[in-house]
Amino acid sequence: MAKQAPATKPGVRGSRSGRPIMALLDLLGRRWTLRIVWELREGALTSRALRTACDEASPTILQTRLTELREAGFVELTDDGYGLTVLGRELFQTFTPLHRFAERWSKQEGS
């Protein structure tokens with residue numbers, strides 16, 4: 001008998017297999033999602049400040065992504081604005097090696 005795949009977080013679509021990595025990559029691959037996480041890395045921002053940091057992204061799409069990130073447990077609304085949760089900060093930390101690699105790669109690309 002085949003095992004059922006674990007359920008993914010509500011509001012996060014992914015593969016039909018229900019594999020968490022596929023749901024996560026789907027969420028992170030949506031326009032502005034990674035940028036929002038990046039901009040919140042140093043602390044909470046109001047909706048307006050976040051929009052400015054995101055090159056004046058559409059307020060509608062920004063709010064949609066913030067809602068998705070909140071539902072996934074990566075972002076929370078605080079008295080200071082939107083900020084990363086403990087899980088969101090952990091997610092950001094997983095990007096640190098990738099960021100370092102991208103920096104090295106971008107310097108080699110022009111060579």
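What follows is calculated from the coordinates using simple rules that are stated; it is not laboratory data. Because the structure is predicted, anything quoted here is derived from the model rather than measured. Note that each Cβ is placed from the backbone with ideal geometry, even for glycine, and that neighbours are counted across all protein chains shown.
A few comments on the model shown:
- Normalised size of region 13-109, defined as Cα radius of gyration per 2.2 N^0.38 Å with N residues, equals 1.12.
- Modelled label positions at R41 and L25, each set 7 Å beyond Cα in the direction of Cβ, lie 2.2 nm from each other.
- Relative to the current alpha-carbon distance between L34 and T94, full extension at 0.36 nm per residue lengthens the span by 20.4 nm.
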